[in-house]
Structure formats: C-alpha cells, structure tokens
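Reading through the structure tokens given below for one structure.
Derivation of every value follows stated rules applied to the coordinates shown; laboratory data play no part. Everything numeric here is computed off the predicted structure, so don't read it as measured data.
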Amino acid sequence: MSDLSSDSDSGSLSPKHEEPREPKEPYISSDSSNESSEESQEEAEKQIQSEAEEEVEFIANLTKKKGLKRKRSFDDNEQVENLVDTILKEMMQAVDEDISANQDGHPALSKLKMLDKVIKFLTVSKYHDLFLEMNGSLVLSKWLAQSPDGSFPSTPIKEGLLQVMQDIPIQTKNLEESGLGKSVMAIYQNPNETLRVKKLAKHLIDKWSRMIYEIDIDYASLGGVEENEDSDVPVTQQNKVTLNKILHNNDTSAFTRIPDKGLFDFKYRPPPRASEEMGHSQPHTSETISRLKKRLQMKKKGKKRATGNMSVDGRSLY
C-alpha cells in the first residue's frame, strides 16, 4: 500500500507524520555487574601484591650489595696486608743478600735490583700507614745503613729512598724503634756525599727535629727576618725589647731624649791661639819671601838671554 493518504477536506495528498523513537538502553543483568566488580578487585589486589614483591626484591638486592661491599672491602684490606708483608720480606731478603755478598768480597746488587719496585710501592700513599705499622721504618733503616766494610749504599738507593721518605708520615715512635734517624744522620755527615743527597737528608733531619722537640714554625712569618753575619740568631730576636723590660730598666739610654742646650757662661776666658800661630809662622814667612824673590830673579835672567840671542833670519836658532 502507498504511504500517501487522501484528505477529504483539502483534497490534497500529504505524507504520513511519525514521532521519533527514543533509544533503548541496553539491558544489564545483576549477575554480570557483580562479575565485573569482582574482576576489578582481583586486578587491584594483584597489582598491590606485585608492587610489594618488587619492593621486597629491591630491599633484598640492596642488602646483598651492601654485604658484597663489606666483603669486598675486607678482601681489599687483606690483599693490601699481604702485599705489604711480601714487600717487607723481599726487602729484608735483599739486605741479607747484600751483607753476605759484601762479606765475601762480591758486589752487593740485590737492593739495587729491587729499588724500582720499592720506589713504586712507597709512592702509593694508602700503603704508608700499614707499612709503618708493620715495622717498615726498620727495613728502611737497614737499607740506608752502612755495609760491614763501612761503605754506604749506592747513590741511586740513597737518593731514591730519601726522596720518597719526604712524603711518608714517619712519627717519633718509628724513629725510636728503628734507628732510621741515625742512618740518615750518618749519610748527611759523610764528607764524600753528593750535594743532592745531603740536601734530602738535611730536610728530613730538620723535619724530624721539629717533630721531636715539638717546634711549630710558621714560615710565612719569617719572610722579613734577616740573618746577622756575626751570629746565627736572627736580627729581630737580638733587637727585640719588650715593654716590661723598658719600664723596669733604670738605664735612661733606652729612651729617646731631646739634647739640652749648651751653657756658655765660662769663668775663665780661653787663651787665644791666633797669636801663637802667628809667632811660629813669622820666620817661615820671611824665608819663603826671600826664596821666591831669588826664583823670580833667575827667571828674569833666563828670559833676557833668550831674547838677546834671537836673530831675524833665524841664524842663531841652532
């Protein structure tokens, strides 16, 4: 059938009017809503559990790393101790070999062969404290000591060890127990020693002396101090006068004074010296005048003779 209908009143044709339909809502049952809520809850619980597991695993790994660091540091300390002990044993063995070679009349070369290894080891500052604790200063003293025949170690050994010892924190107890200061002093007092070795030994002796006698020197304050040529005491110490010394001193020469004006009220007039000088000089004056007169007369006679012998044509010149 046709969608068009006739209208009896108007006699015209018009389309049929339809009202818009409302969208239908989907039908959700109560069972499906409960299932979705349970699934979301399970997912949240799983996420919380996984986060907790990750945190526990992180803490466990962190604790494990700390334990590894502690074990590693313990292993490092043990390795350092073994290294220092090995070096000390090798150094003592070299000393014994050189002593026996010197007694047999052979050249002592064991310490010289090991010198580079010892210098490289002693330049590492982290080994210094443990080296001194394990009586390393005694070994150094034996390396620098004289041989049984009285000869000193070779120059490379003395110069190398004295140079590297400048940075080793040797304390008073180490010097007392080892006799290292005695060995260094013997090298410094050796008249046949090189200037470089003497300078290194002197620097160590001064450093240890300040430490033993607890002398604290501020070198910045010694910039303007000049040494006196006649004395070893600085000029600033010689001329140092404290305020208390000046106040309690009865000597007036310690103060600056204005000179007093002289008084010219004499009781007796001093005898004049001009008359005496004139009296002594009169005979000398007359003699001098007569002598001068004679000289003038002689000069005049000479001039007359020269003018009388002159000729116009120059015949009497020769």
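Structure notes:
- Normalised contact order of the stretch 79-216, rounded percent, pairs of Cα under 8 Å and 6 or more residues apart: 22 percent
- Note: the stretch 79-216, Cα convex hull, 105 Å³ per residue.
- Here the extension length gained between Lys294 and Val124 equals 51.0 nm, from 0.36 nm per residue of separation less the Cα-Cα distance.
- Beyond 26 Å in Cα-Cα separation lie the following of the pairs Lys89/Lys173; Lys89/Lys199; Lys126/Lys198: Lys89/Lys199; Lys126/Lys198.
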